[in-house]
């Protein structure tokens, strides 16, 4: 069973700012970051007592993220395409990449301020974003 929570937006931002209209791609980026965050957090949690298990957990965890990411992006692209929200996905890709980086840096700042022992999760996510970007082109 999967539960999706935390739709209040960024709690540190004023309510008026959170209510302002923004690109839907910012929400897409947040969801994609959530998949990556969940993957890294799950492997971090699973290896607290058994760090040697990381190697055997990484491949299935990354496979789960890839499947979740692809399913979400495919559904978004299909829906947005039918609604004519963009002329081509390639045109939107750069903006989505920017929002992904923005969200990852926000996560990093949050963890530095609130949970320093979790800093490795957004740092790993940033590395994943850079890695993914370098293999896309």
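Points worth noting:
- Any chance residue 54 is over 25 Å from residue 13 (Cβ atoms) and either more than 15 Å from the chain's Cα centre (by Cα) or part of a loop (DSSP other than H, G, I, E, B) (or both): yes
- Those residues of the stretch 97-127 which are buried (at least 18 other Cβ atoms within 10 Å of the Cβ) and closer than 25 Å to residue 78 by Cβ, in sequence order: 99, 100, 103
This table checks each residue for (1) in contact with a strand residue (DSSP E or B) (Cβ under 7 Å, 6 or more places away or on another chain); (2) farther than 28 Å from residue 74 by Cβ; (3) surrounded by 15 or more Cβ atoms within 10 Å (Cβ to Cβ); (4) at pLDDT below 90.
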{"position": "16", "(1), (2), (3), (4)": "no, yes, no, yes"}
{"position": "25", "(1), (2), (3), (4)": "no, no, yes, no"}
{"position": "28", "(1), (2), (3), (4)": "no, no, yes, no"}
{"position": "31", "(1), (2), (3), (4)": "no, no, yes, no"}
{"position": "35", "(1), (2), (3), (4)": "no, no, yes, no"}
{"position": "39", "(1), (2), (3), (4)": "no, no, yes, no"}
{"position": "45", "(1), (2), (3), (4)": "no, yes, no, yes"}
{"position": "48", "(1), (2), (3), (4)": "no, yes, no, yes"}
{"position": "59", "(1), (2), (3), (4)": "no, no, no, no"}
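- Considering the stretch 73-88, the residues that are modelled with pLDDT of 85 or more and in contact with a helix residue (DSSP H, G or I) (Cβ under 6 Å, 6 or more places away or on another chain) include one that is surrounded by the most Cβ atoms within 10 Å (Cβ to Cβ), namely 76.
- Looking across the stretch 77-107, the residues that are over 15 Å from the mean Cα position of the chain (by Cα) and not in a loop (DSSP other than H, G, I, E, B) come down to 77, 78, 79, 80, 81, 82, 89, 90, 91, 92, 94.
The values are calculated or read from the model by the stated rules, or taken from the named source; none is laboratory data. Since this is a predicted model, take the numbers as computed values, not measurements. Don't worry about glycine lacking a Cβ; one is built from the backbone with ideal geometry, like all the others, and counts go over all protein chains shown.
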